[in-house]
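What follows is a single structure, written as structure tokens, with notes after it.
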Amino acid sequence: MLEIRSDVVIVGAGPSGAVAALELARAGMSVTVLEQGDWVAAEEFDGARPEWELTQLSKWHPNPNVRGRPEDYPIDATDSEVNPLMFAGVGGAALIYGAHWVRFMPSDFRVRTLDGVADDWPFTYEDLAPFYEYVEESMAVSGLSGNPAYPDGAPCPLPPLPIGKVGRKAAEGMNRLGWHWWPGSNAIPSRAYRGLQPCVLRGTCGTGCSDGAKATPDRTHWPEAQKLGVRLVTGARVSEVETDAQGRACGAVWIDRNGIRHRAQGDVVILCANGIGTPRLLLMSGLAGRSGMVGRRLMMHPYAGVMGTFDEDLESWVGPAGQILVSMQFYETDTTRGFVRGAKWNCMPAGGPQSFRAGYTGGTLTEGWGPALHDSVRRKFGRSFEWGIIGEDLPVAENRLTLSENLTDSDGLPAPEIHYRMSGNTHRMLAFHTARAVEAMEAAGAIATEVTPLIRDCGWHLMGTAVMGDDPETSVVDQFGHVHDVPNLYVMDGSTFPTSSGMNPTATIMAVAARSVLDLIESRGDIAPSR
Amino acid sequence: MPLTPEERTRLEALAGIMLPGGAGMSGASDVNLAQDPVDRVLHIEPALTARLSRFLSQVRVVRTMPDVETLAQQDPQGFKALGTVLANAYFMHEEIRRQIGYPGQEARDSSGGLTGQDLALLRPVQERGPIHR
């Protein structure tokens, strides 16, 4: 059994854990990071190989239940309309994210004040803006500054990627309707940047970047963090956060791949294990239970899509994928629509030929085969693109994670059990938005459209399960991620989000983590730098 | 473990129905899909072999799509494996890719950024001004 001692112990080496570890190391503190996954080298990804579409169904699938790697824990999602998605590895789920990089909009932080629903955040867009800017520098964000959806135009450090034939086609439709669109901002450099290669538009971002271009924490943060002495332990599944006799967090127990338990001790423990892993660990540790909110308010962003097919070659397998365009036309509340809040749209390429082979209409199992397959591929392949719709998922206490009594991981630890239903507000929101996206496609000249009202494997964005707030009776952590009940214990991932926005959350997860960890460094005089 | 000759014969029959060719695309038999192309897929994803073999073991006489549908209804998971193997073998085949004009997920230069045409398209969006609250 190993016994490691450091100033700070962090659980999880994804985007938030990387931000926290690097800032603490820069401040001279000793840091141990426990990551249940491994390093993944760029050459392991299959994007440049013909089998790209084959292996995305297995080893690069975002659903751990499908992927079933040794480092994955199973998730019981039988009582959920949406499957949670994630990836265990150095860099976390960012390894297989689309790198859509969008800030939350100012109204996202004030939904109670503006719309009378859910809760305001304890801070504003303006408070967070400097931290967005800070992490965007490190994440090589390419995009066009001046987006009128943001008061400051959401500046980007690198120029935008090409929007290509697909982007122009989509933009023409939006212009005919007078609707907002903007070139997509992505954490993918449009030119060589701080050790990252320039994007080659391969369009396989969602199954890992084989070209070393996409900004992921294993490339943007961990090299410097390790140079500064951060100890990163891979294959380390944390089973418990430990507390001392005074109830202060003092370390974590982890299990290696051989089933042997080890201990990492620290003056501070920070959880960055995502919106499922973090509450699971809190529940397994019996911590932070005063408010009863650990695991509750789970938000996963139900995702709908509208595919348009055109009578011309759009080369719609070309990246980035990545978002080519975004639209916030219907993002803000208009109560005449029958719901509150809204959704962000992202225009994306349609991918390879297999996107068009399957029949999803609920008919026979063989309907997508035979002459229908050849016709479908000929009509649609290269000639289609998608408006994807990320609807704001308002927090509901009953949407929650519990510990399974029947399912365990390979170490015998209880698996998370997900209980999740879409609200009536969300149903109405997605129906409205898909109808508008059909109009956008038709305005662009689509000869056919297909609506997917909800994609079950869409739970990329895991938020809300250790909510932040000022009141310890109704929230788990304060605005800087400090657990109300447990001195020295912090949460710095998306679990703390009071609301989900309708945006991809990585930008905000990293910005909030930066804000939290810099406050920790500034305010915790009792963590003496060890170097 | 490679497919047995009997399994391969059954797979050929299924592939001929499910991928008959058309719309300028070759049929499965034209590219010997049930031979090397299928082996290539099973080499990359050996876990598919057992489910495929199980499905093929139920196959007797299949002549039409309704015959395939009957088998699929009896073993949906096995049919899913069959579909995965056939589709990937088919669309990984160089000849099929050539026929549909698909070079694969190729690398391209991204340094061009936005064109003048793109910026002209953007002008009305800019002129309409802020849309945030």
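Structure above, values below:
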{"item": "Residue within segment A:507-530 that is on the phi > 0 side of the Ramachandran plot and crowded, with 20+ Cβ neighbours inside 10 Å present", "result": "no"}
{"item": "Residues that are within 23 Å of residue A:133 (Cβ to Cβ) and surrounded by fewer than 24 Cβ atoms within 10 Å (Cβ to Cβ), drawn from segment A:172-195", "result": "A:180, A:191, A:192, A:193, A:194, A:195"}
{"item": "Residue in segment A:420-440 that is surrounded by fewer than 19 Cβ atoms within 10 Å (Cβ to Cβ) and either among the polar types (S, T, N, Q) or under 25 Å from residue A:124 (Cα atoms) (or both) present", "result": "yes"}
{"item": "Subset of segment B:120-133 [at the interface with another protein chain (Cβ under 8 Å from one of its Cβ atoms), in a helix (DSSP H, G or I) and out of contact with any helix residue (DSSP H, G or I) (no Cβ under 8 Å at 6 or more places or on another chain)]", "result": "B:126, B:128"}
{"item": "Residues of segment A:386-438 classified as within 30 Å of residue A:355 (Cα to Cα), of a type in the set (A, V, I, L, M, F, W, C) and in contact with a Phe, Trp or Tyr (Cβ under 8 Å, 6 or more places away or on another chain), total", "result": "6"}
{"item": "Sole exception among (1) more than 22 Å from the chain's Cα centre (by Cα); (2) outside any loop (DSSP other than H, G, I, E, B) for residue A:474, by number", "result": "(2)"}
{"item": "Evaluation of residue A:488 against (1) modelled with pLDDT of 95 or more; (2) surrounded by fewer than 17 Cβ atoms within 10 Å (Cβ to Cβ) (one fails), failing number", "result": "(2)"}
{"item": "Lone unmet requirement of (1) surrounded by 24 or more Cβ atoms within 10 Å (Cβ to Cβ); (2) at positive phi; (3) more than 11 Å from chain B (Cβ to nearest Cβ) for residue A:216", "result": "(2)"}
{"item": "Unique residue being crowded, with 23+ Cβ neighbours inside 10 Å and in contact with a Pro (Cβ under 6 Å, 6 or more places away or on another chain) when the list is A:306, A:377", "result": "A:377"}
{"item": "Residue check, residue A:120 surrounded by fewer than 20 Cβ atoms within 10 Å (Cβ to Cβ) and either among the polar types (S, T, N, Q) or in contact (Cβ under 8 Å) with a residue 60 or more places away in the chain (or both)", "result": "yes"}
{"item": "Every residue from segment A:178-200 that is more than 30 Å from residue B:132 (Cβ to Cβ) and either aliphatic (A, V, I, L, M) or part of a strand (DSSP E or B) (or both)", "result": "A:192, A:196, A:200"}
{"item": "Options A:154, A:225, A:140; residue that is more than 8 Å from chain B (Cβ to nearest Cβ) and outside any loop (DSSP other than H, G, I, E, B)", "result": "A:225"}
{"item": "Wholly within segment B:1-119, helices (runs of 4 or more DSSP H) carrying at least 3 residues that are of a type outside the set (S, T, N, Q) and closer than 24 Å to residue A:52 by Cβ", "result": "B:5-18, B:36-44, B:47-57, B:76-91, B:94-100"}
{"item": "Any pair with Cβ under 9 angstrom, 6 or more apart, that starts in segment A:315-339 at a residue that is in contact (Cβ under 8 Å) with a residue 24 or more places away in the chain and ends at one that is surrounded by fewer than 21 Cβ atoms within 10 Å (Cβ to Cβ) and of a type in the set (Ser, Thr, Tyr)", "result": "A:317/A:355; A:317/B:102; A:331/A:107; A:332/A:107; A:333/A:107; A:339/A:333"}
{"item": "Hits in segment B:61-86 (condition: over 14 Å from residue B:17 (Cβ atoms) and either over 16 Å from the mean Cα position of the chain (by Cα) or buried (at least 20 other Cβ atoms within 10 Å of the Cβ) (or both))", "result": "B:73, B:74, B:75, B:76, B:77, B:78, B:81, B:84, B:85"}
{"item": "Extreme residue, surrounded by the fewest Cβ atoms within 10 Å (Cβ to Cβ), among residues of segment A:157-171 that are of a type in the set (D, E, K, R) and more than 7 Å from chain B (Cβ to nearest Cβ)", "result": "A:165"}
{"item": "Residue satisfying condition, being modelled with pLDDT of 95 or more, within 26 Å of residue A:231 (Cβ to Cβ) and surrounded by 24 or more Cβ atoms within 10 Å (Cβ to Cβ), within set A:42, A:27, A:18, A:99", "result": "A:18"}
{"item": "Answer residue from segment A:389-417, given it is buried (at least 24 other Cβ atoms within 10 Å of the Cβ) and of a type outside the set (S, T, N, Q) and is farthest from the other protein chains (Cβ to nearest Cβ) among those", "result": "A:401"}
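Results for (1) touching a Leu at 6+ places or on another chain (Cβ under 8 Å); (2) of a type in the set (Asp, Glu); (3) free of Cβ contacts under 8 Å to residues at least 24 places away in the same chain, shown as yes or no for each residue.
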{"position": "B:54", "(1), (2), (3)": "no, no, no"}
{"position": "B:75", "(1), (2), (3)": "no, yes, yes"}
{"position": "B:78", "(1), (2), (3)": "yes, no, no"}
{"position": "B:84", "(1), (2), (3)": "yes, no, no"}
{"position": "B:89", "(1), (2), (3)": "yes, no, no"}
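For (1) more than 13 Å from residue B:8 (Cβ to Cβ); (2) of a type in the set (D, E, K, R); (3) modelled with pLDDT of 95 or more, each residue gets a yes or a no:
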{"residue": "B:21", "(1), (2), (3)": "yes, no, yes"}
{"residue": "B:24", "(1), (2), (3)": "yes, no, yes"}
{"residue": "B:40", "(1), (2), (3)": "yes, yes, yes"}
{"residue": "B:48", "(1), (2), (3)": "yes, no, yes"}
{"residue": "B:56", "(1), (2), (3)": "no, no, yes"}
{"residue": "B:63", "(1), (2), (3)": "yes, yes, yes"}
{"residue": "B:68", "(1), (2), (3)": "yes, no, yes"}
{"residue": "B:78", "(1), (2), (3)": "yes, no, yes"}
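The values are calculated or read from the model by the stated rules, or taken from the named source; none is laboratory data. Everything numeric in this text was worked out from a predicted model, so none of it was measured. Please note: Cβ atoms are built from the backbone with ideal geometry, for glycine as well, and neighbour counts cover all protein chains shown.
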